[in-house]
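*Asks:* A single structure is presented below for examination.
The values are calculated or read from the model by the stated rules, or taken from the named source; none is laboratory data. Only a predicted model underlies this, so the values are computations on that prediction, with no experimental measurement involved. Backbone-built Cβ (ideal geometry, glycine too); neighbour counts: all protein chains shown.
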Amino acid sequence: MTAPILRPIDLPVGEITVHGAFDLAAAARRFAPSGLPEPGVLALAFPVEGVWSHAGAVIRQRSPGTVSVEVVAPVDVADRVVGQVSRMLSLDADPSGFPAVAARDSVVRRLVSRHPGVRPVLHPSPYEAACWAVLVQGMRAAQATRFRERLVARHGRVVEHAGVRMLSFPAPSVLAGLSDEPGLGQFRLARLRAVAKAAGKGRLDAGELRALPVARALAQLCAIPGIGAFSAEQILQHGAGHPDLFPRTDTQLHQVLRAEYALPPDTPVPELEPLADDWRPYRSWVAHLFRIDRQSRRRAEE
């Protein structure tokens, strides 16, 4: 069933000041085409963290130093939406020390030269990141994507602007009340409900998770049923946007590091982690660059 169309009363526009190199067009390639007749524009819809009403955002890079956000929602949530977009695009972190990381590490320097202006692109919230972590457990990403699309179509919202329909993920209160969902199975559905209830109680707040010491934040995430060590790291990096986390459970990244730094293939993780000391305080950002580089190489080989 198609969700009801959400028509805004006001269309406030916010601006985000960009510090350092940033390429919105590169970020937009991570998403489906916006549907707008403008290249490099990003159009998204999502539940607004904390209040969980649905909003849309049409994002443009007006100049190298400015990103504008047209908020498709009532004006009282505009600041929240702009802040959420800023975090999603990693524009809320201070990048001033990142060039020094590239200067210290020749491998990172090559990555930056191949992918200029690329920053981590996050899920709209730790809540959505946690739902994705549950969906992708034990299945391929393409299959998990289909289940996510089905959840959005059945239980999400449509936010419409300028003839473009943007689909927003179901709010926590909706997922928390689901008793059945075709194909998902009761075990996975129970985990989604647990994540939704945790979000509704404020246990997946991005600001709080980022403010905590990493070990404590990961422990708080692992206390949610269905969230293990790998999922917790992914949520903290790709949902809360913590800029300085070395992924101890990401085996694919570890394989890439062994190859890039010419290490034996059986080098244990405790010996890999010191490599990342030169990346501080941007270890998550560098890990993202390795992932982007690996994906681009695979596409080139196809």
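*Asks:* Are any of the residues in segment 72-81 without any contact (Cβ under 8 Å) to a residue 24 or more places away in the chain and surrounded by fewer than 20 Cβ atoms within 10 Å (Cβ to Cβ)? Break it down stepwise before answering.
*Replies:* Quick first cut of segment 72-81, residues without any contact (Cβ under 8 Å) to a residue 24 or more places away in the chain only: 76.
If we keep only those that are surrounded by fewer than 20 Cβ atoms within 10 Å (Cβ to Cβ) as well, we get 76.
The answer is yes, given that some residue of segment 72-81 is without any contact (Cβ under 8 Å) to a residue 24 or more places away in the chain and surrounded by fewer than 20 Cβ atoms within 10 Å (Cβ to Cβ).
*Asks:* Looking only at segment 58-109, count every residue that is among the aliphatic types (A, V, I, L, M) and under 22 Å from VAL159 (Cβ atoms) and tell me the total.
*Replies:* Going through segment 58-109, the residues among the aliphatic types (A, V, I, L, M) turn out to be 58-59, 67, 69, 71-73, 75, 77-78, 81-82, 85, 88-89, 91, 93, 100-103, 107-108.
Applying the additional criterion that residues be under 22 Å from VAL159 (Cβ atoms) yields 58-59, 67, 69, 71-73, 75, 77-78, 81-82, 85, 88-89, 91.
Qualifying residue count, segment 58-109: 16.
*Asks:* How many residues does segment 167-179 hold that are outside any helix (DSSP H, G or I) and touching a His at 6+ places or on another chain (Cβ under 8 Å)?
*Replies:* Initial filter on segment 167-179 (outside any helix (DSSP H, G or I)): 167-171, 177-179.
Still in the list and also touching a His at 6+ places or on another chain (Cβ under 8 Å): 168, 170-171, 178.
Of the residues in that region, 4 qualify.
*Asks:* When you scan segment 120-154, how many residues do you find that are part of a loop (DSSP other than H, G, I, E, B), farther than 20 Å from ASP180 by Cα and touching a helix residue (DSSP H, G or I) at 6+ places or on another chain (Cβ under 8 Å)?
*Replies:* Narrowing segment 120-154 to residues part of a loop (DSSP other than H, G, I, E, B): 120-125, 137-140.
Filter again for farther than 20 Å from ASP180 by Cα, leaving 120-125, 140.
Cutting the leftovers down to touching a helix residue (DSSP H, G or I) at 6+ places or on another chain (Cβ under 8 Å) gives us 120-125.
Here the count works out to 6.
*Asks:* Go through segment 17-29 and give me each residue that's under 26 Å from SER296 (Cβ atoms) and either in contact with a His (Cβ under 9 Å, 6 or more places away or on another chain) or not aromatic (Phe, Trp, Tyr) (or both). Walk me through how you get there before you give the answer.
*Replies:* Looking only at segment 17-29, we keep the residues that are under 26 Å from SER296 (Cβ atoms), and these are 18-29.
The answer is VAL18, HIS19, GLY20, ALA21, ASP23, LEU24, ALA25, ALA26, ALA27, ALA28, ARG29.
*Asks:* May I pose another question? If the requirement is being in a loop (DSSP other than H, G, I, E, B) and over 20 Å from the mean Cα position of the chain (by Cα), which of these qualifies: LEU263, LEU257, LEU245, LEU275? Break it down stepwise before answering.
*Replies:* Numbers: LEU257 fails: in a loop (DSSP other than H, G, I, E, B); LEU245 fails: over 20 Å from the mean Cα position of the chain (by Cα); LEU275 fails: in a loop (DSSP other than H, G, I, E, B).
Within the list LEU263, LEU257, LEU245, LEU275, the selection yields LEU263.
*Asks:* Can you find a residue in segment 269-278 that is under 21 Å from TRP52 (Cβ atoms) and modelled with pLDDT of 95 or more? Working first, answer last.
*Replies:* If we filter segment 269-278 for residues that are under 21 Å from TRP52 (Cβ atoms), which is where we start, we get none.
Scanning segment 269-278, I find no residue that is under 21 Å from TRP52 (Cβ atoms) and modelled with pLDDT of 95 or more, so the answer is no.
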